[in-house]
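Peer 1: Below is the structure I would like to discuss, written out as structure tokens.
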Amino acid sequence: ADPASNGSVKIGVLSDMSGVYKAIEGPGAVTAAKMAAEDFGGKVLGAPIEIVSADHQNKADVASSVARKWIDRDHVDMLVGMDNSAVGLAVQGLASEKNTITINTGAGSSELTESQCSKYGIHYVYDTYALPVGTATAMVKNGGKKWFFITADYAFGHSLRDNTSRVVEDLGGEVLGSIEAPLSTTDFSSYLLQASGSGADVIGLANAGGDTVNSIKQANSFGIVERGQKLAGMLVFLTDIKALGLDTAKGLEFTTAFYWDRNDESRKWSQRFFEKHGAMPTMVQAGVYSGVTHYLEAIKAAGSDDAKAVRAELGNMTLNDFFVQNGKIEANGLMSHDMYLAQVKTPDESKSDWDLLNIVSTIPAEKAYIAQSDSACPLLK
Amino acid sequence: MSDAILQARGLSKKFAGFTAVDNMDLDVERGSIHALIGPNGAGKTTVFNMLTRFIASTSGSIVYDGTDITRHSPTAVANRGMVRSFQISAIFPHLSVLDNVRVALQQHLGLSYHFWRSSRVLESLNDRAMALLEEVGLAEFADVISVELAYGRKRALEIATTLALDPRLMLLDEPTQGMSSEDVGKVTALIQQVSAKRTILMVEHNLKVVESLADKITVLNRGEILAEGPYAEVSRDPAVRQAYMGTEDV
Amino acid sequence: MSELLRIENLNAWYGESHILHGVNLSVNRGEVVTLLGRNGAGRTTTLKSILGLVDKRTGSIQVDGKEIIKQPTHKIARLGMLGYCPEERGIFSRLNVDENLNLPPRLSDDGMSVDEIYSMFPNLAERRRSLGTQLSGGEQQMLAMARVLRTGAKLLLLDEITEGLAPVIVQALGNTIRQIKERGLTIVLVEQNFHFAAPLADRHYIIEHGEVAEVIEASEAKAKKERINQFLSV
Amino acid sequence: MNGVFWVLLIGVGLAAPYLVYPVFAMKLLCFALFACAFNLLLGYTGLLSFGHAAFFGGAAYITGHVIKVMHMDPLIGILAGTLFAMVLGAIFGALAIRRQGIYFAMITLALAQIIFFLALKLPFTGGENGLQGIPRGHMLGFIDLNDPVAIYYVVFAIFMIGFLIIYRTIHSPFGQILTAIRENEPRARSLGYNVERFKLIAFVISATLAGTAGATKSIIFQFASLTDVHWQMSGEVVLMTLLGGMGTLFGPVAGAAVVITMQDELASFGSWVQVAIGAIFVVCVLIFRRGFVGELARLLKAKSS
Amino acid sequence: MSLNAILAQTMLGLSTGVFYAMLSLGLAIIFGLLNVINFAHGALYMLGAFVALIGYSYLGPWLGFEDYHMGFWTALIVAPLVVGGFGMLIERFLLRRLYAFDHIYGLLLTFGIALILQGILSNYFNISGTAYPAQPDVLNGIVNLGFMYFPKYRLFAIVFSIVVCLATWFVIERTTLGAVLRAGVENPKLVEAFGINVPRMVTLTFGFGVALAALAGVLAAPIYSVSPLMGADLIITVFAVVVIGGMGSILGAIVTGLGLGLVQGLTQALYPPAANTVIFFIMVVVLLIRPAGLFGKEA
Ligand SMILES: Nc1ncnc2c1ncn2[C@@H]1O[C@H](COP(=O)(O)OP(=O)(O)OP(=O)(O)O)[C@@H](O)[C@H]1O
Ligand SMILES: Nc1ncnc2c1ncn2[C@@H]1O[C@H](COP(=O)(O)OP(=O)(O)OP(=O)(O)O)[C@@H](O)[C@H]1O
Ligand SMILES: [Mg+2]
Ligand SMILES: [Mg+2]
């Protein structure tokens, strides 16, 4: 019979098209997925590749109802995107139950591959375990022993804080305390002042997106960095640096899975992306391209788009492209790969609009991601 | 001792530094028509509001039909048979005339909280409602939406709904205000007619009406009682003439 | 004597309902005329039409020779130096007595001063700082009347100003009207209370079903008593 | 005309799972019930609650918890959620009912925000991630809710029961007094009606049925989340009701259908959906103020007279 | 907490409070005088910030003057004018048709407008914010207040806003113009019959309320980042402020705005997770004790 079920391979990009993660994933992810399909020749096993997309509005129920409809009615074979942990968890659970592969490129929660891991869920770009490794290690080694956290008050923030604390304490550092700030706080000054008053060397920002941007900006306006304390952004995207401006962000160190200007290959792809999208790719958007491409390769290798076979192929591959080095998709769905420690350039160093970061060092995959033996994923038991 | 259906003792109302009603005693005799008159701002409406518990009195006690109602809610007071009308006309504007009356009649049916019953059970009230409309001369308008009634008829409708509660004491605040003399005559007759089995306490500026209806008059001035008695007596009182009626005859 | 207000063939509508069917009347400078009639005859509507407060109107309204029927409401008051005292009093509940009094802009320098007004209505003087809604019905009526006297309007449109007032006040108000008439003001008075209106008016217009049914000069009032009673059933 | 609507409602309702994607049809019924419950309050009692999400979402959480963690029958789950909404409705009502107009709206909003806060903080709700993976299970042990057609008819039955309760309430002696209160509150009071108690009962009925809608939703989507208790949910139900026509029996059903379809069909257009929804509002408010059903009714009336 | 810490939190609370005060003042004017519940207020605040941002970063190039950057001070005047003007158009052509109907329609209309504005800007600008780079040099830097270091700019924003609020309050509550406005709400027809052009007055008032929002937006731009949703997040809180203060009470809006800023500041220090909810707790308590709000007059 037809190797591709229902005559085509359909890939659904489910992303935040209108909310806070729009610039990080959003329409850029759709562009990336389309590029991947085109670059693959538009066909796999003779069947056309179709890309559909929808906005999950950051609502897990919207996301799961779209996913349900896609899978039940429209025969979508794979879902990619799903920034926002709540969305990611909801869709992954649902899709796996319906034998559909998901490649999560946007959400951070390590739960996706830990206690809530699933048969067909893949977590592709970064997670809250990997993020602190490079950043916290570097900062503690440079003398930032005493930490205080400003934590976004939800599962993602808590997990980021806990993972960072672990790294800090393992290296002999000390965690003085943490403040749980409600999500989408606009004014962080009160928290920053309390953090600053704690006498910590480093103020760890266990938050994301607008929260990170606002806290860095306001820390700057209160002269906290000037007076000798350091900020550590635990999850920073390229778009955040853009939003802050180099003047404010200069010197900030953080961990990232991708930077467009890292090597020739990444530059070449990013340039192409830039021409279509008008902005350089974030690590998430690059991840979408990479994830879709590998998925298509796995179909080709498996000779079918059956989820089980494709998933098995994916598990056997070693992933290497402009985005990922030494990537391996583990049994719990975690794609472990090298991460990078980056530092924001000063305005003088920056030569062009998008010349924003220096890559300071590479964090090898086995250090960045949790070992399979330590994973709490029930599938491994 | 006379038979008073309503007795107020030492009734006062203070609004932020201003005393609207000051230590007033009032006895309304059962079966009588009692008028409360007085210059503007004397406190008549305020007294009404206190008696019907629409506002709380600052001090004093109110005994209605042997029960102290000083702390009762307006609803409780109404349910005891003491019902008021308003200075401005009070109807349910987008209900039909018949429905207006039925809403009042329903009160006695005891089904009003029954949200699981069909409203058809209310049709049993139609005869009684029509009878009441007949009484106030509105029978032919039963199906009219009540906003569309002329002013005088609205007042008549209001009286019909009040009657539906079968009140023992009716309080009417300026029932003839804004009516042409033709309607004033009709309403006066109507009040006369319905007073047969009831007690009525009314506020009225139209002295003709007061003269023809009231058995007893209390004149209020600046929150205090200036005079009390039958019309003939009160209208001769020089203090009343000066404060209220003026020099000319009416 | 010059004509101050001239209304010809005035028709007026509220929404779909056609209320006035060709009202004609004319008022000379310094006159007091009354509009009498049953409830719902259209007297209030006549006043409102002059001010453009109805939904639609046609015909001609001239004040001091100026045609105002095409003007928007806010221009009419100024063009015609009109002062309006509405039936429902129109006291602003969120303004205190002083503010209510001072609200309408002055139309000429002939208005009464605030002190004059307070001596005319001592009740109000006492309650200067009270909010509009806290006044009793009658107090509001006085305030509404006082308000137009301050503006210096030349033509007063007064709708049922004795309504809800104690007889003493009604008498006082009669005197006030006489005084302002002596000052040369022109008044159109809508009244139920014929006893009040009769001695003040130069002429009565009886309105019936949105038309002028009868015009009665003050001099004929006694003679035509029957006729008036028939219309008003006094 | 109502007869036509009844036939249409039941006919389309019965045929729906064979015409459209069943989950979509169920979602629609859920929100239609929510909007109808809300309309009982806004359209027939004149009270604008801006906190109905608390009942809808609160019930969803409770139902989810009862089914997922306590492993109860789905029916018990729905009843538990409904009961919760009823109790919550009584509490909200007792606190808010004496307030008028915009104050009533705001106090219900504030109370609902507190429920939102609890949903965010209480351990059993799953915080930002929500309560996920609620099993559908077997209702009464034998109706397999994993079968799309079976669950659809269960949801349809729940909707019809709720809808009939609302219909009955509106056309009952109680409903008659509600109308009177809306028309002239002081007068109703002076006729001896305990206005607060009437409003409170209406509020509780409305809250309860909103809860039923939320409880049902959590079974359909196997999911309860902060979205369900967020103030925007309260806003959405206002919109559905107004769009369809407040104070009309079928309006909220139509309104819910329009809003849900729009959200569904336009989901891939990103922020332009917001712009489109915004524009539709503006146009509706300016041109179809009575809502679809209200305008239709007016047109038919105008034609017949 | 030490005294210094309390003082520091007070200053921070104040700097949040002035934004609440300015926004709720605008809302209160619009509600109090026009009986419109302006759901678009947050979006117009956002628009104010965007006028400043666009004026600085994009306007020059659009107009062909590559080097033109609209400065902060210019924006402080231009944004309220532009946004106020836009508000007047909304009032004149849309809202005006709804005055005859229930309040709820005004609310819905403005809600729709808010969605449109936010949606459009979301398509062109980063939702998690863009920095506004034109904070004037004189306001750069930090002052040592003894108990804390405080950004000069925030100090300026506090003083400036309080002055604007008090001036507005004075005009509305203490002048004849204000009395005319208040009367116009209650009975526009009658006020018109007195010879006052009420429709124009209403338009101007709406424009003014909106201009206040835009002014707050410009003031906020250097502190927070400029984002299409910056107002959406704020509007519900500001509604709560207006209600706690007493709908329509001008003084209530100002005082409550500042006060709740302080309360929120203290909550951020004592129990941060409740920082966004504390205002609603207060609202419930206040409305139970004083049904018309702290400064509202009971109807
Ligand atoms: N809520 C209030 N606050 C302050 N003063 C009030 C309030 N209500 C009434 N008053 C004052 O109390 C006095 C009595 O008012 P009330 O309405 O009882 O007068 P009244 O005798 O009915 O007069 P009228 O014949 O003019 O209707 C008035 O001077 C009025 O201004
Ligand atoms: N806003 C309105 N909409 C529709 N019809 C109205 C409106 N106002 C008045 N009418 C109708 O217009 C007619 C004339 O009313 P108008 O108020 O002019 O009467 P009037 O002579 O002043 O009598 P009244 O003694 O009742 O004040 C009445 O039939 C009335 O029902
Ligand atoms: Mg009175
Ligand atoms: Mg009249």
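Peer 1: By Kyte-Doolittle mean hydropathy of at least 0.5 and Cα axial length of at least 15 Å, which whole DSSP H helices of chain D are selected?
Peer 2: Taking the DSSP H segments of chain D (at least 15 Å long, mean hydropathy at least 0.5), we get D:2-19, D:22-45, D:53-68, D:74-96, D:101-121, D:148-170, D:195-221, D:231-244, D:251-265, D:271-287.
Peer 1: Give the interface area between chains E and A as buried accessible surface, both sides summed, probe 1.4 Å, in Å² to the nearest 100.
Peer 2: For chain E against chain A, roughly 2400 Å² becomes buried.
Peer 1: Now for a separate question. Please compute the per residue accessible area over segment A:145-217 with all protein chains in place, 1.4 Å probe, rounded to a whole number of Å².
Peer 2: Dividing the accessible area of segment A:145-217 by its residue count gives 27 Å².
Peer 1: Can you tell which of E:131, E:227, E:292 lies farthest toward the positive end of the dipole of chain E, using +1 and -1 charges on the Cβ of basic and acidic side chains (Lys, Arg; Asp, Glu)?
Peer 2: E:292
Peer 1: Okay, next question. With a 1.4 Å probe on protein heavy atoms only, work out how much accessible surface E and C bury together, total over both chains, in Å² to the nearest 100.
Peer 2: Summing both chains' loss of accessible area gives about 1800 Å².
Peer 1: What is the Rg over Rh value, at two decimals, for chain E, using alpha-carbon atoms and the Kirkwood definition of Rh?
Peer 2: The Rg/Rh ratio comes out at 0.98.
Peer 1: A further question on this structure: Can you list the residues, at least 5 places off or on another chain, whose amide H is less than 5 Å from the amide H of residue A:43, using H built in the peptide plane?
Peer 2: Those lying under 5 Å, H to H, from residue A:43 are A:49.
Peer 1: Further question on the same structure: Keeping all protein chains in the complex and leaving out DNA, RNA and ligands, what accessible area do you get for residue E:189 with a 1.4 Å probe, in Å² to the nearest 10?
Peer 2: Solvent-accessible area, nearest 10 Å²: 110 Å².
Peer 1: Ignore the peptide's own chain and count Cβ atoms of other chains within 10 Å of each Cβ in D:157-170; give me the average, rounded.
Peer 2: Average neighbour count from other chains, rounded to a whole number: 1.
Peer 1: Next question, about the same structure. What does the accessible area per residue of segment B:82-166 come to in Å², with a 1.4 Å probe and no ligands, DNA or RNA counted?
Peer 2: About 42 Å² of surface per residue is accessible.
Peer 1: Helix by helix, which DSSP H runs in chain A go 15 Å or more along their axis at the Cα atoms and have an average Kyte-Doolittle hydropathy of -0.5 or more?
Peer 2: A:26-39, A:60-72, A:85-97, A:130-141, A:283-302
Peer 1: Evaluate the distance, in nm, between pseudo-label points positioned 7 Å from the Cα of residue B:127 and of residue E:65 along their respective Cα→Cβ axes.
Peer 2: Calculated label separation equals 8.9 nm.
Peer 1: Still on this structure, please answer the following. Pick out, from D:100, D:75, D:26, the residue whose Cα sits farthest towards the positive end of the charge dipole of segment D:23-229, with +1 on the Cβ of Lys and Arg and -1 on the Cβ of Asp and Glu.
Peer 2: Positive-most Cα among the choices belongs to D:100.
Peer 1: Related question: Expected output is a single nm value to one decimal: the length gained when fully extending between residue E:163 and residue E:5, i.e. 0.36 nm times separation in residues minus the C-alpha distance. What is it?
Peer 2: Roughly 54.2 nm would be gained on extension.
Peer 1: Taking the simple approach of a point 7 Å from Cα along Cα-to-Cβ for both residue D:76 and residue E:233, what is their distance in nm?
Peer 2: Placing both labels 7 Å beyond Cα along the Cβ direction yields 4.3 nm.
Peer 1: A further question follows. Against the longest principal axis of chain B, how steep is helix B:97-109, in degrees 0 to 90 to the nearest 10, with axes from Cα atoms?
Peer 2: 90 degrees
Peer 1: Please average, across the residues of D:122-131, the number of beta carbons from any other chain that are within 10 Å of each residue's own beta carbon, and give a whole number.
Peer 2: Counting other chains' Cβ atoms within 10 Å and averaging over D:122-131 gives 5.
Peer 1: Which of the aspartates and glutamates could be linked to residue C:75 by a straight reach, that is with a Cα gap under 18 Å, when you skip same-chain ones fewer than 8 residues away?
Peer 2: C:55, C:64, C:67, E:192
Peer 1: Can you spot the lysines whose alpha carbon is less than 23 Å from residue A:268's alpha carbon? Ignore those fewer than 8 places along the same chain.
Peer 2: The reachable lysines, counting only those whose Cα sits under 23 Å from residue A:268, are A:34, A:242, A:276, A:345, A:351.
Peer 1: Among the listed pairs A:43/A:308; C:224/E:189; B:13/C:48; D:303/E:189; A:69/D:301; A:217/D:68, give every one whose C-alpha distance is greater than 32 Å.
Peer 2: C:224/E:189; B:13/C:48; D:303/E:189; A:69/D:301; A:217/D:68
Peer 1: Kindly provide the Kirkwood hydrodynamic radius of segment B:82-166 in Å, to one decimal, from all pairs of distinct alpha carbon atoms.
Peer 2: One over the average 1/r among Cα pairs gives 13.0 Å for segment B:82-166.
Peer 1: Tally up the carbon and sulfur contribution to the accessible surface of segment D:20-119 as a whole percent, 1.4 Å probe, everything protein left in place.
Peer 2: Summing carbon and sulfur atoms, their accessible area is 79 percent of the total for segment D:20-119.
Peer 1: Still on this structure, please answer the following. Provide the gained length on full extension for the span residue C:18 to residue C:75, in nm with one decimal, where the gain is 0.36 nm per separating residue minus the Cα-Cα distance.
Peer 2: 18.0 nm
Peer 1: Another question, if that's okay. With every protein chain present, what accessible area does residue A:145 have (1.4 Å probe, heavy atoms only), rounded to the nearest 10 Å²?
Peer 2: Accessible area, nearest 10 Å²: 90 Å².
Peer 1: Can I ask one more? Rounded to the nearest 500 deg cm²/dmol, what is the calculated helix-only ellipticity per residue at 222 nm for chain D, with -39500 (n - 2.57) per DSSP H run of length n ≥ 4?
Peer 2: When only DSSP H runs of four or more count, the value is -25500 deg cm²/dmol.
Peer 1: Between residue D:87 and residue B:150, what is the label-point separation in nm under the 7 Å Cα-to-beta-carbon projection?
Peer 2: Those two pseudo-labels are separated by 6.0 nm.
Peer 1: Another question about this same structure. As a test question: what accessible area, to the nearest 10 Å², does residue B:9 have when a 1.4 Å probe is rolled over all protein chains in place?
Peer 2: Approximately 90 Å² for this residue.
Peer 1: To check my understanding: the extent here is largest minus smallest coordinate of the Cα atoms along each principal axis. What are those three numbers for segment E:135-214, in Å, largest first?
Peer 2: 58, 22, 16
Peer 1: Could you order A:338, B:3, A:348 by accessible surface area, starting with the largest, using a probe radius of 1.4 Å?
Peer 2: A:348, B:3, A:338
Peer 1: Choose one of A:209, C:79, D:63: the residue whose Cα lies farthest towards the positive end of the charge dipole of the protein assembly as shown (beta-carbon charges +1 Lys, Arg; -1 Asp, Glu; about the Cα centre).
Peer 2: Final value for the positive-end residue is C:79.
Peer 1: Can you pull the percent of Cα pairs in chain A with separation above 31 Å?
Peer 2: 32 percent
Peer 1: For chain E, report the accessible area per residue in Å² (1.4 Å probe, heavy atoms, rounded to an integer).
Peer 2: Per residue, chain E has an accessible area of 35 Å².
Peer 1: Also: Can you quote the Å³ per residue value for the convex hull of the Cα atoms in chain B, rounded to an integer?
Peer 2: Spelled out: Cα convex hull of chain B, divided by residues, is 138 Å³.
Peer 1: So if a site counts as exposed when it's one of the GluC sites (Glu not before Pro), its DSSP state isn't H, G, I, E or B, and it has at most 16 other Cβ atoms within 10 Å, what's the longest stretch of chain A without one?
Peer 2: Result, exposed sites excluded: A:1-225.
Peer 1: Right, next: Residue A:232's amide H: which non-local residues (gap 5+, or another chain) put their own amide H closer than 5 Å, with H modeled 1.01 Å from N in plane and none for Pro or chain starts?
Peer 2: Amide H neighbours of residue A:232: A:203, A:204, A:205.
Peer 1: I would also like to ask the following. List the accessible area buried at the contact between E and D, summed over both sides and calculated with a 1.4 Å probe, in Å² to the nearest 100.
Peer 2: It comes to approximately 3400 Å² buried between E and D.
Peer 1: What trypsin sites (Lys or Arg not before Pro) does segment A:32-88 have in DSSP loop regions with at most 16 other beta carbons within 10 Å?
Peer 2: Counting only loop positions with at most 16 other Cβ atoms within 10 Å, the trypsin sites (Lys or Arg not before Pro) in segment A:32-88 are A:73.
Peer 1: Ok, one more. What three numbers, in Å, describe the spread of the alpha carbons of the protein assembly as shown along their principal axes, ordered from the longest?
Peer 2: Sorted from largest, the Cα extents of the protein assembly as shown read 117, 75, 62 Å.
Peer 1: What percent antiparallel are the DSSP beta bridges of the protein assembly as shown, to the nearest 5?
Peer 2: The antiparallel fraction comes to roughly 50 percent.
Peer 1: What's the magnitude of the charge dipole for segment B:82-166 around its Cα centre, counting Lys and Arg as +1 and Asp and Glu as -1 at the beta-carbon? Answer in Debye, nearest 20.
Peer 2: 280 debye
Peer 1: Next up: Would you jot down the residues in segment E:239-279 that end up with at least 40 Å² less accessible area in the complete protein assembly than in the chain alone, with a 1.4 Å probe?
Peer 2: The answer is E:247, E:268, E:272, E:273, E:276, E:277.
Peer 1: Right, here's the next one. Within 10 Å of each Cβ in C:56-69, how many Cβ atoms from other chains are there, averaged over the peptide?
Peer 2: Rounded to a whole number, the mean comes out at 0.
Peer 1: On to the next question. Counting Lys and Arg as +1 and Asp and Glu as -1, each charge on the Cβ, what is the dipole of the protein assembly as shown about the Cα centre in debye, to the nearest 20?
Peer 2: Charge dipole of the protein assembly as shown: 1520 debye, to the nearest 20.
Peer 1: Rounded to the nearest 0.05, what FRET efficiency do residue C:219 and residue C:2 have when you use their Cβ-Cβ distance and R0 = 22 Å?
Peer 2: 0.60
Peer 1: Excluding the sites themselves, what is the longest stretch of chain E that contains no GluC sites (Glu not before Pro) in a DSSP loop with at most 12 other C-beta atoms within 10 Å?
Peer 2: Longest run free of exposed loop sites: E:67-297.
Peer 1: Mind ranking B:143, D:228 by accessible surface for me, highest first, 1.4 Å probe?
Peer 2: Listed by decreasing accessible area, they come as B:143, D:228.
Peer 1: Now a separate question. What value in Å³ per residue do you get for the convex hull of the alpha-carbon atoms in chain C?
Peer 2: Convex hull of Cα atoms, per residue: 120 Å³.
Peer 1: Enter the angle in degrees (range 0 to 90, nearest 10) between the Cα long axis of helix B:151-164 and the first principal axis of the Cα atoms of chain B, meaning the one along which they spread out most.
Peer 2: Helix B:151-164 sits roughly 80 degrees off the main axis of chain B.
Peer 1: Assign unit charges at the C-beta atoms only (+1 for Lys and Arg, -1 for Asp and Glu), then state the dipole size of chain C relative to its Cα centre in Debye, rounded to the nearest 20.
Peer 2: It works out to roughly 320 debye.
Peer 1: May I pose another question? Using only Cα atoms, find the angle between the long axis of helix B:126-136 and the longest principal axis of chain B, and express it within 0 to 90 degrees, rounded to the nearest 10.
Peer 2: Helix B:126-136 sits roughly 40 degrees off the main axis of chain B.
Peer 1: Let me ask something additional. Residues of segment D:247-279 with backbone nitrogen within less than 20 Å of a virtual label 7 Å along the Cα-to-Cβ line of residue D:10, please, listed as ranges.
Peer 2: Counting only backbone N, you get D:249-254.
The values are calculated or read from the model by the stated rules, or taken from the named source; none is laboratory data. All values derive from a computational prediction rather than experimental measurement. Neighbour counts run over all protein chains shown; Cβ positions are idealised from the backbone, glycine included. Accessible surface areas use protein heavy atoms only, side chains included; no ligands, DNA or RNA. Shrake-Rupley method; radii C 1.70, N 1.55, O 1.52, S 1.80 Å.
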